1. By how many degrees, 0 to 90 and rounded to 10, does the Cα axis of helix 183-195 deviate from the longest principal axis of the chain?
2. Expressed as a whole number of Å, what is the distance separating the alpha-carbon centroids of the range 283-310 and the range 188-243?
3. Residues with amide H under 5 Å of Leu210's amide H, sequence separation 5 or more or different chain, H placed in the peptide plane at 1.01 Å from N; which?
4. Which whole-number percent is the relative contact order of the range 3-210 (Cα, under 8 Å, 6+ apart)?
5. Compute the acute angle (0 to 90°) between the alpha-carbon long axis of helix 214-236 and the principal axis of greatest extent of the alpha-carbon atoms of the chain; round to the nearest 10°.
6. Once the other residues with Cβ under 13 Å from the Cβ of Lys334 are scored (Lys, Arg +1; Asp, Glu -1), what is the net sum?
7. Relative to the first principal axis of the alpha-carbon coordinates of the chain, what is the inclination of helix 327-341, with its axis defined by its Cα atoms, in degrees from 0 to 90 and to the nearest 10?
8. Would you calculate the separation in nanometres between label points at Arg108 and Gln331, each defined as 7 Å from the Cα along the Cα-to-beta-carbon direction?
Amino acid sequence: MYTMGVNKPIQKHIHILGVGNIGSFIAHTLRALRPSSPAITLLLRPAAQLQFRANDFKIVMHDAATGLSQQQAGFRVPMPDGPASSNIQNLIVATKGYQVREALSSVRSRLDEKSTVLLLQNGVAEFEKLFPVEEWGVEGRPRVLAGVVTHGVWSEDRFRITLAGRGETLIGAIDGVQGGLTSDQHAQREWLLKESWLSRTMERAGAKILAPRELLAAQIRKLAVNAAINALSAIYKVQNGVLFETPEAVEVMRAVVGEVAQVAAGLGLDGDFSEDALWEHVLQVGEKVKLNYSSMFQDLKAKRRTEVEEINGWVVEKGRELGVDTPLNEQLMKRVKALERQ
Ligand code: KPL
């Protein structure tokens, strides 16, 4: 721990941007850390601040496996007249994938090369797209990690979440779809994973740290899960588990995963990305989150834009680049987009 003056410890600080289901879950987990939990500021919009106030400034989590509910308090929220421009040391971005750039812009002046940012979206985060040199300069870009979250979390009300299935959080350094970090970048990212306070704190909170090359592989496995489950569960308005009990849905999901496998084959990943291996992974995660309502189901229900473009749409786009046909992913994307418009 860093110290200031004689004995006065400076509490390390994490800001969280995007406090929906996953953001609330991560904030709750970090706040519950013992013997010491970090200071956490939730960067909430004014309307959300009112909702947070109505919830007594607490995040309540009901764990469906144990039947227990736990509440965490002591979160900070930005003061209307506070030092909004102070530097952010550690930022977790848990917004939807399509909101990340805007979210980062909103705190742009508070981030610099000494800040560490952890991105927690569905889909595949691409460093150069999110932190373009024209906007950030080569030197000014923060250190960036990305995480893959397979916990099943849903909510009836804001800041009151249900952990319907405990999955895992995997954290790694972004290597880009083309891969190929320089050895300098590699060393820097190895350092980030092993030494950075944020990744060590996330590790204390149960996250697993991946070697740099493993992140993209984990993202693609998760993408197979989301591509198979999310759109169908949203279209048919069912819990994740219902899909696995319905033979027609299983057939479609398997074929969707087959398309992801073909795209993955073109990405030159380490490991087994055959249709069988990816399907096995989808079955394993599907079992853990069978009682959950997928994020896409929840988004459509709440009339929010979904992440279908970042999930099935990403498969279609990469497929085009690689010359792989992905008609089922395209069809699912179109159907969800049509439902979004209704
Ligand atoms: O990531 C998810 C999501 O809903 O977005 C799963 C793992 C499918 C849990 O519902």
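What follows draws every value from the coordinates through simple rules; no lab data is involved. Note that the structure is a prediction, hence the values are computed from the model and not measured. Every residue, glycine among them, receives a Cβ derived from its backbone with ideal geometry; neighbour counts consider all protein chains shown.
1. Approximately 70 degrees, to the nearest ten.
2. Here the two parts' Cα centres lie 14 Å apart.
3. Ile171, Gly172
4. Dividing the mean separation by the residue count of the range 3-210 yields 20 percent.
5. 60
6. 0
7. Compared with the principal axis, the helix lies near 60 degrees.
8. 4.2
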